[in-house]
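Comments concern the structure below.
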Amino acid sequence: MIVRYSEDLVGGPNHSEFATGTSLRMLTRIDGVGFSLHDTHLKAGSTLTLEYKNHIEANYILEGEGELENLETGEVFEVRPGMSYTLDHHDRHQMRTKTDVRIICVFTPALVGTEKHDADGSYPLL
């Protein structure tokens, strides 16, 4: 059994800070479960353009409001608590936050935990 508390990860190698927020990597590749689990906080007024070319990502919104746009189709979705979305086709997308947003994210293959977004908004496959 793997048990972790978020407060124990803050400031360590599984705590990623970036211009628009933070992410705690609760599970990473080293845990050997085949996926990684992240508790991500995005700041109000943020815009992120992302395209995970090497990963599939599933997301569940716990807190906050905003908009999610599929940049391939132009579809725009309301972001709010209770929403889930999965980038099952490596979808290029844009997240625009109106308020602070908290998301639980799952990546496969699992992230190592130290990845930073590339210029195109993806994570490298380490």
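At a glance:
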{"item": "Helix-only mean residue ellipticity at 222 nm for the chain, each DSSP H run of n ≥ 4 adding -39500 (n - 2.57), per residue, nearest 500", "result": "-500 deg cm²/dmol"}
{"item": "Selection from Leu71, Ile104, Gln94, by position along the positive dipole direction of the range 15-108 (Cβ)", "result": "Ile104"}
{"item": "Centroid-to-centroid separation of the range 1-31 and the range 40-57 [C-alpha atoms, Å]", "result": "16"}
{"item": "Karplus (6.51, -1.76, 1.60) ³J(HN,Hα), θ = phi - 60°, over the range 81-94, in Hz, Gly and Pro reported as x", "result": "x, x, 7, 10, 8, 10, 8, 7, 10, 6, 4, 6, 8, 10"}
{"item": "Assigned charges on the beta-carbon of Lys, Arg, Asp, Glu; the range 39-93 dipole about Cα centre (debye)", "result": "160"}
{"item": "Student exercise, the chain dipole from Lys, Arg, Asp, Glu Cβ charges, in Debye to nearest 20", "result": "260"}
{"item": "Relative contact order (%) - the chain, alpha-carbon pairs under 8 angstrom, separation at least six", "result": "31"}
{"item": "Overall form of the range 15-108 per C-alpha gyration tensor (a/c, 1.5; a/b vs b/c)", "result": "oblate"}
{"item": "Protection proxy ranking of 20-30, 59-69 - average other beta-carbon atoms within 10 Å, highest first", "result": "20-30, 59-69"}
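Each value in this text was obtained by applying a stated rule to the coordinates, not by laboratory testing. Please read these numbers as outputs of a predicted model, since none were measured by experiment. In this analysis, Cβ positions are derived from the backbone assuming ideal geometry, glycine residues included, and neighbour counts consider all displayed protein chains.
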